[in-house]
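J.: One structure, as structure tokens, below. Some questions next.
The values are calculated or read from the model by the stated rules, or taken from the named source; none is laboratory data. Note that the coordinates shown come from a computational prediction; the quantities given were computed from them, not determined experimentally. All Cβ positions, glycine included, derive from the backbone under ideal geometry; neighbour counts span all protein chains shown. The area values use the complete protein model at the heavy-atom level, side chains included, leaving out ligands, DNA and RNA. Shrake-Rupley method; radii C 1.70, N 1.55, O 1.52, S 1.80 Å.
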Amino acid sequence: MSDTPVLFSRVLQDDQWLDPSVDETIAQALREDRLAWAHIDGKHPDAADWISRELDYLDLQAREALLDVDTRPRAKTLSDGMFVILRGINFNEGEDPEDMVSVRMYIDDHRIVTVARKRVMAIEKLQEMMECGQGPATAGEFLVLLAEDLVARISEFQSELDSTANDLEYRVIRERGVNLRQDVANLRLQVIAARRYVGPQRDALKTIAESPSKVIDHDTRREIEEEMLKMTRVAEDMDELRDQALVLREELSGQLSDQVNRNTFVLSMLSAVFLPLGFLTGLFGVNVGGMPGVSNSQAFFLLCLWCIGIFVLQISLLGLWRLFSRHRK
């Protein structure tokens, strides 16, 4: 683990995002009037001390919120800047994508401080853009690019869930198998987990768009409003997916119930057929005196004929009953 909690840092100079010079630190650059960005590892043991020591000029609420472990998307205007928490799809190996990673951010005209406890693809993409000389020119543009990337990946994930749901719907109708119950349950859990952050993220983007902060200029406000509308659509689609998964679950439950009913009906018919035969064979199996046919060598043959006749009669009556039932329907 690195000695410093700062994973990477950049300073905007002559429209280029550069590493801090040898004779300065990112902490010094963040105090100056030019735009600087520091990305901090929230799990680093020195992260809290570094933020308290080097960012002591920030609002106390912002410093505490930057290190919150359990967070939900939200935004709050603080004097000249803003504190923002957004969520993105979890692309870390071995983890579920719907268990979204959070990005905590303090942003104003001259400084950007982001904190994440896990890898965030959107942050790494911004870093790569800066290395290629294509980074944002303002703090507001930085916020827009970050929000666009996070929302786009969430939208792609929602589209994948939608495709999965449509495929499951086709399979449930075609295959009619209870082996799909686990797949439907997994879909429901994914939708529920993702939906937990989608709604608050939409509200956070709305708060950003309506913020009076100087960071949110006209162009930034318009772009953030567009991302808010995209998140609204994603939230609506997630609600529809949740309902669709519930319908699929009910359909599978109905199929299972129908199968149980069919099996119960078959068992009932078998019981109805063999109950008289069992009674007859049990009666003639009583080993007491006075049983008819004990001394007749043809008695067993005649008993078998009686059983076969009763069996054929019952099957015929059941067949007639089914035909009559279908005719009434």
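J.: Name, by its number, the condition in (1) over 22 Å from Arg153 (Cα atoms); (2) surrounded by fewer than 19 Cβ atoms within 10 Å (Cβ to Cβ) that does not hold for Gly94.
T.: (1) is the only condition that Gly94 fails.
J.: Specify which of the listed residues (Ser163, Ser155, Ser159) is closer than 21 Å to Met238 by Cα, open to solvent by 10 Å² or more (accessible area, probe 1.4 Å), touching a residue at least 60 places away in the same chain (Cβ under 8 Å) and among the hydroxyl-bearing types (Ser, Thr, Tyr). Quick ask: steps written out before the conclusion?
T.: On the way: Ser163 fails: touching a residue at least 60 places away in the same chain (Cβ under 8 Å); Ser159 fails: touching a residue at least 60 places away in the same chain (Cβ under 8 Å).
After applying the criteria, what remains is Ser155.
J.: Just a yes or no: is a residue in the stretch 37-60 among the aromatic types (Phe, Trp, Tyr), in contact with a strand residue (DSSP E or B) (Cβ under 9 Å, 6 or more places away or on another chain) and more than 20 Å from Gly140 (Cα to Cα)?
T.: Yes, because at least one residue in the stretch 37-60 is among the aromatic types (Phe, Trp, Tyr), in contact with a strand residue (DSSP E or B) (Cβ under 9 Å, 6 or more places away or on another chain) and more than 20 Å from Gly140 (Cα to Cα).
J.: If I ask for residues that are modelled with pLDDT of 90 or more and within 30 Å of the chain's Cα centre (by Cα), which ones from the stretch 44-76 would you list?
T.: His44, Pro73, Arg74, Ala75, Lys76
J.: Step by step: first the residues of the stretch 32-78, then only those that are of a type in the set (Ser, Thr, Tyr) and surrounded by 15 or more Cβ atoms within 10 Å (Cβ to Cβ), then the one that is farthest from Arg104 (Cα to Cα). Which residue is that?
T.: We begin by selecting, within the stretch 32-78, every residue of a type in the set (Ser, Thr, Tyr); these are 52, 57, 71, 77.
With surrounded by 15 or more Cβ atoms within 10 Å (Cβ to Cβ) added as a condition, the list becomes 71, 77.
Numbers: Thr71: 9, Thr77: 14 Å.
So, considering only residues that are of a type in the set (Ser, Thr, Tyr) and surrounded by 15 or more Cβ atoms within 10 Å (Cβ to Cβ), the one farthest from Arg104 (Cα to Cα) is Thr77.
J.: Which of (1) more than 18 Å from Glu148 (Cα to Cα); (2) touching a residue at least 12 places away in the same chain (Cβ under 8 Å) does Gly254 not meet, given it meets every other one?
T.: (2)
J.: In the list Ala36, Ala62, which residue meets the criterion of being in contact with a Phe, Trp or Tyr (Cβ under 7 Å, 6 or more places away or on another chain) and more than 22 Å from Val151 (Cβ to Cβ)?
T.: Result: Ala62 is the single residue among Ala36, Ala62 that is in contact with a Phe, Trp or Tyr (Cβ under 7 Å, 6 or more places away or on another chain) and more than 22 Å from Val151 (Cβ to Cβ).
J.: Look at Arg72 and say whether it is of a type outside the set (A, V, I, L, M, F, W, C), part of a loop (DSSP other than H, G, I, E, B) and in contact with a Pro (Cβ under 6 Å, 6 or more places away or on another chain). Spell out the reasoning first.
T.: Numbers: of a type outside the set (A, V, I, L, M, F, W, C): yes; part of a loop (DSSP other than H, G, I, E, B): yes; in contact with a Pro (Cβ under 6 Å, 6 or more places away or on another chain): yes.
Yes; evaluated as a whole, the condition is true for this residue.
J.: Out of all the residues in the stretch 184-205, is one or more of a type outside the set (S, T, N, Q), modelled with pLDDT of 90 or more, over 20 Å from the mean Cα position of the chain (by Cα) and surrounded by 18 or more Cβ atoms within 10 Å (Cβ to Cβ)?
T.: yes
J.: Is one or more of the residues making up the stretch 296-303 out of contact with any Asp or Glu (no Cβ under 6 Å at 6 or more places or on another chain), at pLDDT below 75 and open to solvent by 80 Å² or more (accessible area, probe 1.4 Å)?
T.: The answer is yes, given that some residue of the stretch 296-303 is out of contact with any Asp or Glu (no Cβ under 6 Å at 6 or more places or on another chain), at pLDDT below 75 and open to solvent by 80 Å² or more (accessible area, probe 1.4 Å).
J.: I've got another one for you. Scan the stretch 265-272 and tell me whether some residue there is closer than 30 Å to Trp321 by Cα and in contact (Cβ under 8 Å) with a residue 24 or more places away in the chain. Steps first, please.
T.: Narrowing the stretch 265-272 to residues closer than 30 Å to Trp321 by Cα: 265-272.
If we keep only those that are in contact (Cβ under 8 Å) with a residue 24 or more places away in the chain as well, we get 269, 272.
Checked the stretch 265-272: at least one residue is closer than 30 Å to Trp321 by Cα and in contact (Cβ under 8 Å) with a residue 24 or more places away in the chain.
J.: State all residues of the stretch 5-31 that are modelled with pLDDT of 85 or more and open to solvent by less than 70 Å² (accessible area, probe 1.4 Å); if no residue qualifies, say none.
T.: Pro5, Val6, Phe8, Ser9, Arg10, Val11, Leu12, Trp17, Ile26, Ala27, Ala29, Leu30
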